[in-house]
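Each value in this text was obtained by applying a stated rule to the coordinates, not by laboratory testing. The model shown is predicted, which means the values in this text are computed figures rather than measured ones. We place every Cβ from the backbone using ideal geometry, glycine too, and count neighbours over all the protein chains shown.
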Amino acid sequence: MRKRVSRAEVAKAAGVAESTVSRALNDSTLISDEVKKKIKKIATELGYIPNRQAVLLASKKTMRVGLVVRTYKSFSPFTRSYFPRLLDGVLQKAEALGYSVTIVLDKVGEKYKDLSEMIYSKELDGFIFSVTPLDDPRFEGLMGHKVPFVLVNNIVEGADCVNCDPYAGTRDALSHLKGLGHKHVAYIQGDINYWDGKERLAVFEKLCTDQGMGFTLREGNFSKRSGISAAEKLLNSPNRPTAIMTGSDRCALGVMEYCKKENIKIPEDISLIGFDNLGPARDSVPGLSTIHNPVVRMGSDAMDLLSQRLSGTIEKEKALLIDSGFIIRESTGVPYEK
């Protein structure tokens, strides 16, 4: 096996001190460009590979970031399709950028973790928050302590964030229903304590008004249970809609479950559209027409944005909005006629 080339050998070949080799390979401003070029050329020719730990120590970086995942009392977050898909996007980009990713569970009991301490103790370089409520109390403090972080599915003034813009997908979904002949659509909203729940509802209301579509609203919280409960009320009301849209695919699956139990056929008796386009929407019977939420790309863009923040290539905060789309499957059809 070939012996690993040492920094001392590079220094000897270049006729410089070992500290100069280290500074040159780390692009120190104390070394001229001409000397840097010479040392890098010699290092490459000799096949020198810097020790990763030494490089990280010199750069004062761990090259590790934390994906902050909310904990839930009733279920494990990674049993839901959203979190694995977001993690896919984060991991793919992190690998390309040379970072590793640590999962950070948001709470222990009722107590938030001290995220600032994880930065100061050099456990991590920064954070990506997977989902947080609008009234999360931590962000002002984190910004005050200059902790690097990016929000996904939330917007906070002064913070970097990546979100899905529901406008295009919702517009196309409503146009699809209108083209089929629907005139009245119900909407089961998501949790409006979260940015995406609130924004999806606001966009739905505006577009229905713009397109002259009658609509009914029902409370929900993204869950399957809320879909079952709202469907029972909607489908037994005298002003029954011919189509239902929901704030999430899980909520739509709840509507499907209620319809199956009550022998209500989709799409013959009621058309149904979800929001997210995660695995369960493709696997349901019938296949769920749904608004596409680019979760993997949001994870990738969040990691890229955090990397830019950590490298100092951006100064002002960035808010990225990624367009949604609309996927037509078998759960929508012409309206039922009594």
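Couple of notes before you dig in:
- Computed helical MRE - 222 nm, the chain, DSSP H runs ≥ 4 contributing -39500 (n - 2.57), nearest 500: -13000 deg cm²/dmol
- Förster radius 56 Å - calculated FRET efficiency between D135 and K37 (Cβ-Cβ, nearest 0.05): 0.60
- Whole-Hz couplings from phi, Karplus 6.51/-1.76/1.60, listed for segment 124-135; x for Gly and Pro: 9, 8, x, 9, 10, 8, 6, 6, 8, x, 4, 9
- For segment 140-265, the relative contact order works out to 23 percent when only alpha carbon pairs closer than 8 Å and six or more residues apart are counted.
- Rg/Rh for the chain, where both radii come from Cα atoms and Rh is the Kirkwood radius: 1.14
- Using the Karplus relation 6.51 cos²θ - 1.76 cosθ + 1.60 with θ = phi - 60°, the per-residue 3J(HN,Hα) values for segment 165-181 come to 8, x, 4, 4, x, 5, 4, 5, 5, 5, 5, 4, 5, 4, x, 7, x Hz, with x marking Gly and Pro.
- Taking R80, R309 and counting other C-beta atoms within 10 Å, the order from fewest to most: R80, R309
- Span from the segment 250-293 Cα centroid across to the segment 86-107 one, whole angstrom: 31 Å
- Under the simplified labelling scheme, the T71-T209 pair shows an inter-label distance of 4.2 nm, with each label point 7 Å from Cα along Cα→Cβ.
- Considering only beta bridges that DSSP places wholly inside the chain, some 10 percent are antiparallel.
- Ranked by the mean number of other Cβ atoms within 10 Å of their residues, highest first, the peptides 149-162, 293-306, 172-185, 310-323 fall in the order 293-306, 149-162, 172-185, 310-323.
- Shape call, segment 165-294: gyration tensor on alpha carbons, a/c limit 1.5: rounded
- Amide H contacts under 5 Å for G126, placed H, 5+ residues apart: G66
- Phi-based couplings in Hz for segment 138-146 (Karplus 6.51, -1.76, 1.60; Gly and Pro marked x): 8, 5, 4, x, 5, 5, x, 8, 6
- Between the residues I188, G279, C208, the greatest Cα displacement towards the positive end of the dipole of the chain, with unit charges on the Cβ of Lys, Arg, Asp and Glu, is found for G279.
- When the pairs K93/K198; K113/K146; K198/K233; K41/K316; K61/K113; K198/K261 are compared against a 25 Å limit on Cα-Cα distance, K93/K198; K41/K316; K198/K261 fall above it.
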